[in-house]
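Structure first, commentary second.
Values in this text are rule-based calculations from the coordinates and carry no lab data. Bear in mind that the values here come from a model prediction, so they are computed numbers and not experimental data. Cβ coordinates were reconstructed from backbone atoms using ideal geometry, including for glycine residues, and neighbour counts include every protein chain displayed.
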Amino acid sequence: MFGAAELTARAFSPTAAPLLALGQAIIPLTPAGLIEPVIDLLGAYDKPVLVLTTGLGALLVGGLIGGSASLRPRLAALGLLLTGTVPILAILSRPGAAPADTVPALIGLGLGITVFLVLLPVALHAPSEQPIAEEHPDRRRFITLAGVLGAAGAAAVAAGQTVATLSSDVTAAVGKLILPTPVSPASPIPAAASIDVPDAPPFLTDPEDFYRIDTLLAPPQIDPQQWSLRIHGLVEKEVVLTMQDLLDLPLVEAHITLTCVSNPVGGDLVGNATWLGYPIRELLRQAMPRAEADMVLSRSFDGFTASTPIDALLDERASLLAIGMNGVPLPPEHGFPARLVVPGLYGFVSATKWVTELEVTRFDRATAYWTDRGWDAKAPILVASRIDVPRPLATVPAGDVVAAGTAWAQQRGIERVEVRLDDGDWIQAELGAEVSVDTWRQWRARLRAVGPGSHTVTVRAHDRDGNVQTAKRRDSIPNSATGHHHIQFRVE
Ligand SMILES: Nc1nc2c(c(=O)[nH]1)N[C@H]1C(S)=C(S)[C@@H](COP(=O)(O)O)O[C@H]1N2
Ligand SMILES: [Mo]
């Protein structure tokens with residue numbers, strides 16, 4: 001069933017692939033209490049694990065139906081028919097789904113029932129109690145037939161996935177989008193912004209390595225020609241912006257570090273990029289928000305929403321409707337063709353990817369995706385720091401040990417970073433040059449004459465508002481984890 005459907009789905013639209021649609025349908029139904037432990041445990045592997053689990057679940061259901069078929073063939077056939085409609089419903093529930101998108105799943109269902117009808121009589125003739133050694137010809141026939149069909153199905157699923165990757169329309173669209181030159185380019189990054197320590201991450205994160213967090217199993221395939229952004233709600237004048245309108249505007253560039261509220265202490269759900277876009281402030285001004293508005297609910301193509309305090313979009317900070325990342329169009333995973341980037345706020349309340357709508361509203365009138373699941377409605381970024389070198393449990397030679405890492409407090413800037421060895425005194429780390437208050441700073445510190453044995457290094461950062469990173473441990477829900485990052489290493 002799945003093999004036929006996955007393979008034919010590619011002729012229709014990505015929305016038509018049943019496994020993806022099933023997995024996608026599960027995401028918003030996940031109980032809120034499960035989300036944080038799952039993100040902590042799986043990190044960016046959550047998506048492949050979900051698809052795999054969905055596939056295994058489907059196999060299990062198929063196995064149960066098949067197992068019951070010899071006793072209750074009619075009931076099993078009915079079960080097959082009913083479970084076969086679940087992916088069809090999941091496909092129809094996807095944004096932008098057309099009735100025609102269910103055709104592949106229907107073909108799959110038809111083929112699945114055919115296979116069932118072919119295998120059933122063979123299975124009914126094969127005595128299951130017979131010991132393997134005394135091979136019954138029908139038993140062998142059944143196993144061979146089922147094996148061949150199963151392998152063909154698995155191969156079709158794999159082929160469908162491969163074709164999807166190779167023939168994706170959005171990859172072609174990304175390649176065709178030519179980014180305009182910014183009227184206000186970002187300041188050049190001085191060499192001194194990077195601390196010169198092997199194995200430390202680069203100052204600018206490669207889009208390939210940039211963390212990805214969203215509620216989609218596969219990024220939506222949006223044709224930039226069809227894309228538009230609508231600004232509405234508590235405004236004097238509705239504004240609709242097409243991609244051509246956006247490309248014709250005087251674009252600006254800014255270096256901004258983006259952070260996820262779900263980043264565990266020491267985690268890598270943080271990245272730094274040079275974004276090209278148009279100030280959201282200017283767009284909102286065109287729409288003329290009413291005085292009572294205090295929030296902008298941004299909505300993406302797939303229905304995800306984020307609630308951003310309107311002040312963060314109207315004040316002087318570099319809040320952007322972005323189309324470029326480090327000099328190239330946004331990769332599909334990071335919001336192609338357009339997304340929001342707001343310095344100083346966690347991604348879940350500000351950085352809507354595949355954005356199609358800005359609804360000017362009020363916090364007491366509307367709530368966003370993660371707020372409905374227990375996270376805060378507003379979430380400024382807390383001062384944070386991380387150790388990148390040495391790696392946890394690394395073994396280093398005795399003597400001076402260089403520790404290095406990253407610290408961030410977007411909108412306020414990093415004032416100072418301190419590290420301590422074991423229970424020793426805090427010593428001040430050396431900081432990379434500050435590129436802007438919206439970007440992270442790299443740091444390094446020389447731990448003097450570290451003797452053999454097991455050691456711990458701990459880091460804490462201070463922002464320019466005088467806030468010091470708290471040692472108190474807490475979970476990321478509702479507004480980010482806290483605590484000092486420390487790692488253990490061995491000296492020989
Ligand atoms: N459409 C959409 N936009 C989204 C999200 C999402 O789930 N859907 N996740 C947000 C969250 S929680 C974060 S931290 C950032 C991450 O952006 P990145 O994946 O480009 O790093 O995107 C934000 N924008
Ligand atoms: Mo996030």
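Straight Cα distances below 25 angstrom link K47 to the lysines K353, with same-chain residues fewer than 8 positions distant left out.
If R0 is 56 Å, what FRET efficiency do you get for I107 and M288 from their C-beta distance, rounded to 0.05? Calculated value: 0.65. Peptides 175-188, 193-206 ranked from most to least packed, by the mean per-residue count of other Cβ atoms within 10 Å: 193-206, 175-188. Net charge in the neighbourhood of Q442 (other residues with Cβ under 13 Å of its Cβ; Lys, Arg +1, Asp, Glu -1) is -2.
Mean separation of Cα pairs under 8 Å and 6 or more residues apart, divided by the residue count, gives the chain a relative contact order of 14 percent.
For the chain, the alpha-carbon coordinates run over 79, 68, 41 Å along the three principal axes, in decreasing order. Between the beta carbons of V118 and D223, assuming R0 = 35 Å, the FRET efficiency works out to 0.25 to the nearest 0.05. If you plug the beta carbon distance of T456 and A44 into 1/(1 + (r/R0)^6) with R0 = 35 Å, you get a FRET efficiency near 0.85.
Estimated from helical segments only, the mean residue ellipticity of the chain at 222 nm is -10000 deg cm²/dmol, where each DSSP H run of four or more residues counts as -39500 (n - 2.57).
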